[in-house]
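Structure first, then comments.
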């Protein structure tokens, strides 16, 4: 796929939204902005995908623009505090799932049950869990993927080149620390709006 273009269509098994006028508008906005998508989406019906570095509110804006422009029917987890008023309505319409970050004990079970109930589900998570720099990433995404028996797709922001990139699929092993080290190494070159990964 050309770095300067978006794919005309997604793979047959990828969850997709119905065609609508917003898709063309979002494609137009992305074209004006100079942002681009690099890499290829895996043609699989169910996965967890993570996106990093997450250092700005703009990450969510660009991510949602690309989601609509591509017709990707992906769900994503976000802090519960965002789901109030008109913004909360919009986020839910866009596939947002509110999460209570201080009570994560049931999140893995809830998300695993979602995967059991649906033939197609792409679930997005920011592994840092915050826009602030953190030394240790949260392992919830790994626990969900392993419990649900689905792969993890690595995606990244690289603001210096206005890029959202699609990386490899990772099959969770039985070794959390080894998997996390491999994943963190993949993200080393990429830089968000305000920082890279630490």
List the number of the failed condition for residue 61; all other conditions in (1) assigned to a loop (DSSP other than H, G, I, E, B); (2) loosely packed, with under 13 Cβ neighbours inside 10 Å; (3) at pLDDT 90 or above hold.
(1)
Mind listing whichever residues of segment 64-73 are part of a helix (DSSP H, G or I) and at positive phi?
none
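Checking the conditions here, which among 196, 129 is within 25 Å of residue 40 (Cα to Cα), modelled with pLDDT under 95, surrounded by 13 or more Cβ atoms within 10 Å (Cβ to Cβ) and out of contact with any strand residue (DSSP E or B) (no Cβ under 7 Å at 6 or more places or on another chain)?
Numbers: 129 fails: within 25 Å of residue 40 (Cα to Cα).
Among 196, 129, only 196 is within 25 Å of residue 40 (Cα to Cα), modelled with pLDDT under 95, surrounded by 13 or more Cβ atoms within 10 Å (Cβ to Cβ) and out of contact with any strand residue (DSSP E or B) (no Cβ under 7 Å at 6 or more places or on another chain).
Could you list all residues from segment 166-178 that are assigned to a loop (DSSP other than H, G, I, E, B), touching a helix residue (DSSP H, G or I) at 6+ places or on another chain (Cβ under 9 Å) and without any contact (Cβ under 8 Å) to a residue 24 or more places away in the chain? Step through it out loud before you land on a result.
Of all residues in segment 166-178, those assigned to a loop (DSSP other than H, G, I, E, B) come to 171-175.
From what is left, the residues that are touching a helix residue (DSSP H, G or I) at 6+ places or on another chain (Cβ under 9 Å) are 171-174.
Correct list: 171, 173, 174.
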Only one of these conditions is not met by residue 80: (1) under 24 Å from residue 145 (Cα atoms); (2) surrounded by 16 or more Cβ atoms within 10 Å (Cβ to Cβ). Which number is it?
(2)
Every residue from segment 16-66 that is free of Cβ contacts under 8 Å to residues at least 12 places away in the same chain and in contact with a strand residue (DSSP E or B) (Cβ under 6 Å, 6 or more places away or on another chain):
none
When you scan segment 74-165 for strands (runs of 3 or more DSSP E) that lie fully inside it, which ones turn up with 3 or more residues that are touching a residue at least 24 places away in the same chain (Cβ under 8 Å) and in contact with a helix residue (DSSP H, G or I) (Cβ under 7 Å, 6 or more places away or on another chain)?
121-125, 152-158
Of the residues 151, 160, which single one is at pLDDT 95 or above and more than 23 Å from residue 58 (Cα to Cα)?
151
Would you confirm, using the coordinates I've provided, whether residue 109 is exposed (fewer than 13 other Cβ atoms within 10 Å of the Cβ) and more than 16 Å from the chain's Cα centre (by Cα)?
yes
Mind checking whether some residue in segment 185-192 is modelled with pLDDT of 90 or more, surrounded by 14 or more Cβ atoms within 10 Å (Cβ to Cβ), in contact with a helix residue (DSSP H, G or I) (Cβ under 9 Å, 6 or more places away or on another chain) and assigned to a strand (DSSP E or B)?
yes
Out of all the residues in segment 133-150, is one or more in contact with a strand residue (DSSP E or B) (Cβ under 8 Å, 6 or more places away or on another chain) and closer than 26 Å to residue 35 by Cα?
no
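So which residues in segment 135-154 are more than 15 Å from residue 188 (Cβ to Cβ) and either over 15 Å from the mean Cα position of the chain (by Cα) or surrounded by fewer than 19 Cβ atoms within 10 Å (Cβ to Cβ) (or both), if there are any at all? Write out each step before concluding.
Of segment 135-154, the ones more than 15 Å from residue 188 (Cβ to Cβ) are 136, 138-153.
Result: 136, 138, 139, 143, 146, 147, 148, 149, 151.
The values are calculated or read from the model by the stated rules, or taken from the named source; none is laboratory data. From a predicted model like this one, the values you see are computed outputs, not experimental measurements. Here Cβ is always computed from backbone atoms with ideal geometry, including for glycine, and neighbour counts include all displayed protein chains.
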